[in-house]
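Undergrad: Could you have a look at this structure, given as structure tokens, before my questions?
The values are calculated or read from the model by the stated rules, or taken from the named source; none is laboratory data. These numbers were taken from a predicted model, which means no experiment stands behind them. Cβ placement follows ideal geometry from the backbone for every residue including glycine, while neighbour counts extend to all protein chains displayed.
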Amino acid sequence: MPLPRAIAAPGKHGSHDTAPAGHGASLSIGLSAVIVAASVQEPRVLTIRLPSRGEGDGSVEALPSGPLEAEHRTLEIGLRTWVERQTSQTLGYVEQLYTFGDRDRVMGEDSPGLPALVVAYLALVREARPAGAADAMWQGWYRYFPWEDWREGKPESLARIEDRLSGWAQDAASEPERRLRQERLGLAFGLPAGSWNEELVLERYELLYAAGLVAEASRDLGRPARDLGPRADGLGTGAAMALDHRRILATALGRLRGKIKYRPVVFELMPPAFTLLQLQRTVEALAGVRLHKQNFRRLVEQQGLVEETGEISAATGGRPARLVRFRREVLLERPAPGLRLRAGRRVAG
């Protein structure tokens, strides 16, 4: 799967580029929503169940999605309509995430054709209200990307994943291809001795797909999704999603991790009043890393991001903590009022 570009191919390798000239005007457009809520433990994403052909339980997890229809005056109105129809959720904060496209793309021989373009949106909600539709469910996003959660040190499965990826790089058919694979491993996974960039979620998923270590890679080649081959035995590379939805979710996760550093979007996920510890734990859950407590509090205070409410919370399990709220005036005071995160000491795996 290629790395993202202005319009990136979300389907399987080898898009069909043989359509006659002039067909561009009839390209179909799909809409997909990554709807995120956060707790102090783990961010969650709202999913639905779609019928699946050839899957054991007859359905597969997916993002709320649907085609742009004639009655939708704008893309965003169409997205909100589909989300309410499929999940009974009303969205607040919404931003366009990315446009994915590939002419006449399909996923597997028995799958219906997919929209040529998919416009994905990121939506943030303050609480994960119970999904109103029977087929809608909130899921922790590390269910799909278990290698991304470093809060308790290096994830247990990551060493095995890295070993398989190193073998995949060595198995390249030519020396230039081997060097290219190794460069990608160095960028995305910090191999063999580089640093881990928490924002490169999509790049890591793309590499796992290219190496055949996620279920979608086998499925898109027409093999059973459970058949990952000898390289992926017991790796635990996360739950599969329908179509290219895990790729869209990876894009959203990376975008949100980057954006909390320069925009106060994390407060779209917080309740009206909260403690500084609740804020820190939520940011850690989003970033997948632990933060130094005093440094974090000093940063929040220096940035003027919050103000005290005059109330305290006794629900912390220890000493009562002061409640604070987001200072919306900060949006007018500085162009980039975010959290310049600096992780605490990382525990080696």
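Undergrad: Picking from LEU299, LEU339, which residue would you name as being surrounded by 12 or more Cβ atoms within 10 Å (Cβ to Cβ) and modelled with pLDDT of 80 or more?
TA: Matching residue, one of LEU299, LEU339: LEU299.
Undergrad: Quick check: anything in region 104-116 surrounded by 16 or more Cβ atoms within 10 Å (Cβ to Cβ), at pLDDT below 95 and of a type in the set (Lys, Arg)?
TA: Yes, the conditions are met somewhere in region 104-116.
Undergrad: Moving on. Give me the pairs, please: first residue somewhere in region 68-83 and in the same structural domain as SER32 (by TED's automatic domain parsing), second residue anywhere and of a type in the set (Val, Ile, Thr) and surrounded by fewer than 20 Cβ atoms within 10 Å (Cβ to Cβ), beta-carbon distance under 7 Å, and either six or more positions apart or on two chains.
TA: The qualifying pairs are LEU68/ILE29; HIS72/THR81; GLU76/VAL94.
Undergrad: Something else now. Across region 260-295, what is the total count of residues that are within 19 Å of the chain's Cα centre (by Cα), outside any loop (DSSP other than H, G, I, E, B) and hydrophobic (A, V, I, L, M, F, W, C)?
TA: Number of matching residues: 7.
Yes/no matrix, rows are residues, columns are (1) surrounded by fewer than 18 Cβ atoms within 10 Å (Cβ to Cβ); (2) of a type in the set (D, E, K, R); (3) more than 21 Å from ALA240 (Cβ to Cβ):
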{"position": "GLU148", "(1), (2), (3)": "no, yes, no"}
{"position": "SER174", "(1), (2), (3)": "yes, no, yes"}
{"position": "GLU177", "(1), (2), (3)": "yes, yes, yes"}
{"position": "PHE189", "(1), (2), (3)": "no, no, no"}
{"position": "SER195", "(1), (2), (3)": "yes, no, yes"}
{"position": "LEU207", "(1), (2), (3)": "no, no, no"}
{"position": "LEU213", "(1), (2), (3)": "no, no, no"}
{"position": "ALA217", "(1), (2), (3)": "no, no, no"}
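Undergrad: Could you list all residues from region 194-217 that are assigned to a loop (DSSP other than H, G, I, E, B) and closer than 22 Å to LEU235 by Cβ?
TA: Of region 194-217, the ones assigned to a loop (DSSP other than H, G, I, E, B) are 194-200, 211-214.
Within region 194-217, GLY194, TRP196, ASN197, GLU198, LEU200, ALA211, GLY212, LEU213, VAL214 meet the criteria.
Undergrad: Can you name the residue in region 233-281 that is crowded, with 17+ Cβ neighbours inside 10 Å and hydroxyl-bearing (Ser, Thr, Tyr) and, of all such residues, is nearest to ALA217 (Cα to Cα)?
TA: Out of the qualifying residues, it is THR237.
Undergrad: What number of residues in region 62-90 are on the phi < 0 side of the Ramachandran plot and in a loop (DSSP other than H, G, I, E, B)?
TA: Qualifying residue count, region 62-90: 11.
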